[in-house]
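The values are calculated or read from the model by the stated rules, or taken from the named source; none is laboratory data. A quick note: this is a predicted structure, and the numbers were derived from the prediction, not measured. Methodologically, a virtual Cβ is constructed for each residue, glycine included, from the backbone with ideal geometry; neighbour enumeration extends over all protein chains shown. Heavy atoms of the whole protein, side chains included, go into the accessibility calculation; ligands, DNA and RNA do not. Shrake-Rupley method; radii C 1.70, N 1.55, O 1.52, S 1.80 Å.
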Amino acid sequence: MASGPVPPSPGLGPAGPGERPPGTPPLPGTRVADSALYRHLWGTAEARAILGEEGRLAGWLQVLAALARAQAAAGLIPAHAAALITEHARPGLVDVGYAAEQTRLASHSMLGLIRALRAALPEDAGEYVYVGATVQDVTDTATALALRGIGALAWRDLRRIEELLIGLADRHRSTVMAGRTHGQPGSPVTFGWKAASWADEIRRHLDRLAHGAPRWLVGQLGGGTGSLVYYGELGLQVRAGFCAELGLADPGISWLSSRDRIAEFGQVLALVCGTLARIGGEVYELQRPEIGELAEPAAAGTVGSITMPHKRNPEASEHIDTLARLARANAAVLAEGVAAQHERDGRGWKAEWVALPEVCLLTSTALDIAIGLLSGLEVHPAAMARNLERDGGYSVSERALAALAPRLGKHRAQAELGTVLAAGARSGVAADRALVDAGLFAPEEAAELTARPDAGACEKMTDLVIARARAARAAERPSWP
């Protein structure tokens with residue numbers, strides 16, 4: 001069947017990575033993400049089990065076995081051949097070294113594995129491996145299986161993060177702190193409200209996963225151009241049976257050059273990482289000693305700085321941002337693949353083989369780090385109150401504007417308050433004194449305005465988010481899809 005060539009790998013020869021015996025440690029790689037020292041920073045063990053070499057080959061073999069069973073059910077191949085193919089289509093029974101050797105020899109991305117599987121089978125069964133299919137039928141369907149596994153991990157971890165954020169929102173519903181816009185103190189908010197806004201965003205990602213599952217988790221069987229011509233009148237029947245064997249939906253139409261499914265999944269994961277980076281970015285900023293409102297948990301044995309022992313660096317928050325940047329970059333590669341040509345285009349499809357695992361691995365680590373960060377996050381209400389007091393009451397300006405606008409008109413009130421409060425801040429006068437001295441408010445009015453921080457409707461909004469999240473969690477399945 002049609003497939004783009006895979007160029008031979010120069011310099012590998014018989015001692016290349018593909019020929020190393022099972023259980024032998026891999027040769028040193030050039031990617032720090034695969035380093036024994038650092039790989040925990042770029043992908044979790046669970047995600048690597050799905051996306052790594054063994055998981056990928058297991059997925060491809062699972063697809064080949066399901067294809068044989070669907071073809072046998074339609075009477076296209078002998079049932080005993082399908083049974084033997086299913087029995088032998090497992091990584092431990094297929095010579096991976098031989099598959100790698102044949103892949104380079106044939107310059108074909110799937111033929112090496114097909115030859116290795118056929119070599120493991122009795123001759124009469126081997127003839128029925130990979131009948132009426134193309135490389136993309138196998139890899140796209142196996143990708144859908146991988147998405148199901150990665151999506152399940154993301155769903156589980158996002159629900160755990162939502163749970164932690166709901167807890168923070170509930171506990172700190174009334175913990176008043178400075179709201180900040182453009183990095184500068186503004187009207188007060190509550191930390192519970194801030195955590196609720198994070199939880200609400202996480203809930204939207206859960207909604208995206210739930211709504212996207214029917215689009216993403218579909219099989220692929222089209223043959224050379226997607227027409228299923230090999231199967232004659234049985235094409236749709238075989239494809240339906242094939243998808244059912246794997247627990248995937250029938251796509252209705254071949255999607256060999258329709259790459260929006262993969263691109264969308266990658267974008268959702270990039271969005272997840274973006275939200276986690278937003279949370280991490282807040283912790284990173286608010287942990288600064290001069291602010292001191294939040295702090296990452298510090299595990300025993302953690303070294304903040306090898307040259308400045310007093311430091312407690314926000315390593316987790318910082319790394320989440322790094323992961324998010326890389327996730328966005330790789331998700332952009334997946335989006336490029338949507339502009340595919342004709343009935344098959346290897347440019348975008350082959351790029352997915354690199355970019356999709358990267359997005360998935362990066363996201364798995366970001367989620368794992370975020371769970372650790374939020375599980376032990378230190379919240380310092382006293383520092384939040386102290387920082388509010390430090391501004392001399394000027395965070396009251398929005399309330400002052402609301403009180404003065406009916407008398408003077410909004411725009412005149414805005415202009416006069418801007419002049420008065422700026423002059424007061426420069427001279428070190430407290431806000432209530434500046435308002436009284438300018439004749440804008442009576443002393444008792446100014447005292448009432450500045451008596452306590454007013455976080456507006458933050459508590460009520462927090463309650464709404466918590467109730468909505470708890471209702472959604474009670475109504476949904478704990479597993480995905």
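Data for the structure
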quantity	calculated
Rg [Å, one decimal], Dmax [Å, integer] - the stretch 266-406, C-alpha atoms	21.4, 67
Charge dipole of the stretch 237-370 about the Cα centre (unit charges at C-beta), most positive-ward option of S254, A327, L356	S254
Only Lys, Arg (+1) and Asp, Glu (-1) charged, at Cβ; the chain dipole about Cα centre in debye	380
Quarter of Cα convex hull surface for the stretch 239-348, i.e. mean projection, nm²	11.3
Principal axes of the stretch 135-284: Cα extent on each, largest first, Å	69, 27, 19
Cβ-based charge dipole, the chain, positive-most Cα from W42, V396, N313	V396
The stretch 241-355, dipole about Cα centre (Lys/Arg Cβ +1, Asp/Glu Cβ -1), debye to the nearest 20	260
Proximal lysines to K194, defined as alpha-carbon separation beneath 26 angstrom and excluding residues fewer than eight positions away on the same chain	K460
Relative contact order (percent, whole number), the stretch 95-162, Cα cutoff 8 Å, 6+ residue spacing	19
Listed peptides 236-245, 446-455, 263-272 by packing density, highest first (mean Cβ within 10 Å)	263-272, 236-245, 446-455
Ranking by accessible area, most exposed first, for D437, D137 with a 1.4 Å probe	D437, D137
Rounded percent of accessible protein surface that carbon and sulfur make up, the chain, 1.4 Å probe	57
Those lysines that a straight Cα-Cα span of less than 25 Å connects to K311, excepting residues fewer than 8 apart in one chain	none
Accessible surface, the chain, averaged per residue in Å² (probe 1.4 Å)	48
Lys/Arg +1, Asp/Glu -1 at C-beta; the stretch 357-462 dipole; positive extreme among G418, A438, L367	A438
For the stretch 51-134, convex hull volume per residue from C-alpha positions, Å³	85
In order through the stretch 351-357: 3J(HN,Hα) via Karplus (6.51 cos²θ - 1.76 cosθ + 1.60), integer Hz, x for Gly, Pro	4, 4, 4, 9, 6, 5, x
Under 5 Å, built H, 5+ apart or other chain: amide partners of H108	V6
Interatomic Cα distance distribution for the chain, bins of 10 angstrom, percent	4, 16, 22, 19, 14, 11, 7, 5, 2, 0
